[in-house]
Amino acid sequence: MMTDEHNNFIETWGSMGVLWGINRSMARIHAFVMLCEEPVDLETVSSELRISRGNASMSLKELRNWGVIHRVHISGDRRDFYVAEPDIWKMLFSIARVRKEREFDPALEALRGLLGNAGLEKGSGVYTRMNDLEKSCSKFDRIMMKALGNEKRSRMMLDLLAFYKD
């Protein structure tokens, strides 16, 4: 049974999902699946969240691509069922990795293209700013590659960083 707290979490997670670069419905579905003890099917998702079956189906597929839910089969039932990734760190790691690939990498590539082909006058203020931005983003990219290159290593890095207090 969905409580007011469940619904509040679903709506809040939906709003936060927009900040990840996913649509609100997809994030709401993710929150709903995380709150379910048992695997849920498309019909349940659609009816509980009051969204179309098409929207639910496309969102479930995309959530699987993100690695934050999994499709499971229940013996004797032909429907597909879905469960949330049980390992929260793995879920967060998947979100971070996909966001880097979809958002940060294209932005860095666009910045490099700007520096290489835009005809910016070397030594100008704009060139200097863009060049400094590229250097900083490249350093950040190397850090993210180390952190997101290996799930176990990234967990250790986060634990190490969390250990140090101001």
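The values are calculated or read from the model by the stated rules, or taken from the named source; none is laboratory data. This is a predicted model, so every value here is computed, not measured. Glycine gets a Cβ as well: all are built from the backbone with ideal geometry, and neighbour counts include every protein chain shown. Accessible surface is based on the protein model in full, side chains and every heavy atom, while ligands, DNA and RNA are left aside. Shrake-Rupley method; radii C 1.70, N 1.55, O 1.52, S 1.80 Å.
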Two pseudo-spin positions, 7 Å from Cα along C-beta at residue 107 and at residue 74, lie apart in nanometres by 4.2 nm
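Past the 21 Å Cα-Cα mark, which pairs from 61/152; 90/152; 100/139?
61/152
When the accessible area of the range 1-87 is computed with all protein chains present and a 1.4 Å probe, what percentage of it is carbon and sulfur?
Numbers: 2560 of 5120 Å².
About 50 percent, which is the carbon plus sulfur part of the accessible surface.
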Check every DSSP H run in the chain and write down those whose alpha carbon atoms cover 15 angstrom or more along the long axis and whose mean Kyte-Doolittle hydropathy is -1.0 or greater. 4-20, 24-35, 88-99, 105-117, 125-149, 151-163
Which order, highest average first, do 109-122, 35-48, 131-144 follow once you tally other Cβ atoms within 10 Å for each residue and take the mean per peptide? 35-48, 131-144, 109-122
Roughly how many Å² is the accessible area per residue of the range 13-166, as a whole number, for a 1.4 Å probe? 65 Å²
Return the calculated 222 nm mean residue ellipticity for the chain, to the nearest 500 deg cm²/dmol, obtained by summing -39500 (n - 2.57) across DSSP H runs with n ≥ 4 and dividing by the residue count. -22000 deg cm²/dmol
